[in-house]
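The next block holds one structure in the form of structure tokens; read it before the comments.
Nothing in this text is a laboratory measurement; each read-out follows from the coordinates by a stated rule. Values in this document were obtained by computation on a predicted structure and should not be read as measured data. As a convention, Cβ positions derive from the backbone with ideal geometry for all residues, glycine included, and neighbour counts pool all protein chains shown.
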Amino acid sequence: MRIAYSVPPAGRVFFWATILMNAIGKTVTAYAPASVGNVGVGFDALGHALDFAGDRVRLTVIEGKDILLDAVTGLTLDLPSDAGSNTALRALRAIQDEYNIRVGARVTLEKGIPLGSGMGGSAASAVAAVTAAAEAWGLSLSEDDKLRFALEGEAAASGGLHADNVAPSLFGGLVLCEGVRRPHVTRIPVPRNIACVLVHPDLEVYTRSARNMLSAGVSLADHVCQTQAIAGFVAGCFRSDLDQIRRCLKDVVIEPQRAELVPGFRKVQSAAMANGALGASLSGSGPSIFAWCESSQAEEIRGCMTHAFQADGVSCSSWISAVNAAGARLED
Ligand code: HSE
């Protein structure tokens, strides 16, 4: 039985004090997928989910208000364990504070996404934590609320608020995010038979520093070019116009500033394009590189991209994913 107390409004703010008397000991597991932020053309605005990797959060409700990290398993073991710096824990703390949750959580985090990979790992951990907590703490959070709490969690790692990893990890598919604190998210249709090739070199790039290095200004010419590109890319997706997507999947503003972070980036990008990709760029802030292509060409493009990295002495892993990959889910 769930007992929920509503506390009268204080000013404009409602505090819901929820005491889950019989939920102590309840355990819930949630999975959230990796994602490609920016999708090259839409810095902080576009993202899509990936179907081959994700993070898993196992949350047990405990007495008291502690939010504790029990263990980290998987590809990354060395994560902060405090609720200020760990993206999953920070998201949980944000929910707990806003809803005045009188119980705590013990968390096990299974990292299926490599750290500093550009595959949205910090976002996936936060999304999985919010998805698990909503169920375990018995909250009927709206999708907007889940997004907001996960964003707050992710900010612990990236140092900024951008929904282009959190939103696709939560909702799945290709999404357009507008706004910062409470972004509006729009699902963009993905043309049939489009795949994403993702190549991850054995390197780490941290989003926080890859954001800090960016110039604050942009020339008028670049602004015009990038604005046309993102509008054309979204139109191309709605119209299933692969030529338009190919013309528009480009980044003249951010990619040139970050290209040097990834040895061999230009060669890998050129290899993808020379073999028929619709576009290729950094996944998020890198070092992973993604390419969109027709599904029938994905294996060949993957081979060329990995070969280009290896020819430069950079070892890498690679995958092929649907662009319309599913978002976060509860698991038994
Ligand atoms: N939009 C973010 C950035 C994504 O490029 O900084 C980070 O994964």
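Brief remarks follow.
- Inclusion of D144 among residues that are within 13 Å of the chain's Cα centre (by Cα) and acidic (D, E) is not warranted.
- Scan of the range 256-274 for residues that are part of a helix (DSSP H, G or I) and within 20 Å of G121 (Cα to Cα), ordered by number: R258, L261
- Filter pass, E331 being more than 16 Å from the ligand (Cβ to nearest atom), closer than 27 Å to Q244 by Cβ and over 18 Å from the mean Cα position of the chain (by Cα): no
- D222 meets all of the listed conditions (1) assigned to a helix (DSSP H, G or I); (2) within 22 Å of G173 (Cα to Cα) but one, namely (2).
- Number of residues in the range 206-247 that are among the hydrophobic types (A, V, I, L, M, F, W, C) and buried (at least 20 other Cβ atoms within 10 Å of the Cβ) equals 7.
- Residue satisfying all of: in the range 133-169; of a type in the set (S, T, Y) and within 14 Å of the ligand (Cβ to nearest atom); farthest from I24 (Cα to Cα) among these: S158
- Which numbered condition R181 misses (of (1) closer than 30 Å to A280 by Cα; (2) surrounded by 18 or more Cβ atoms within 10 Å (Cβ to Cβ)): (2)
- Single residue of the range 116-130 satisfying the filter (out of contact with any Lys or Arg (no Cβ under 8 Å at 6 or more places or on another chain) and more than 9 Å from the ligand (Cβ to nearest atom)) that is nearest to L69 (Cα to Cα): A129
- Output for the range 111-137, where each listed residue is surrounded by fewer than 20 Cβ atoms within 10 Å (Cβ to Cβ) and part of a strand (DSSP E or B): none
- Candidate set: the range 275-289, residues that are away from the ligand (no atom under 11 Å from the Cβ) and part of a strand (DSSP E or B); chosen: the one surrounded by the most Cβ atoms within 10 Å (Cβ to Cβ): I289
- Among the residues making up the range 66-110, a single one is part of a helix (DSSP H, G or I), surrounded by fewer than 24 Cβ atoms within 10 Å (Cβ to Cβ) and of a type in the set (S, T, N, Q): Q96.
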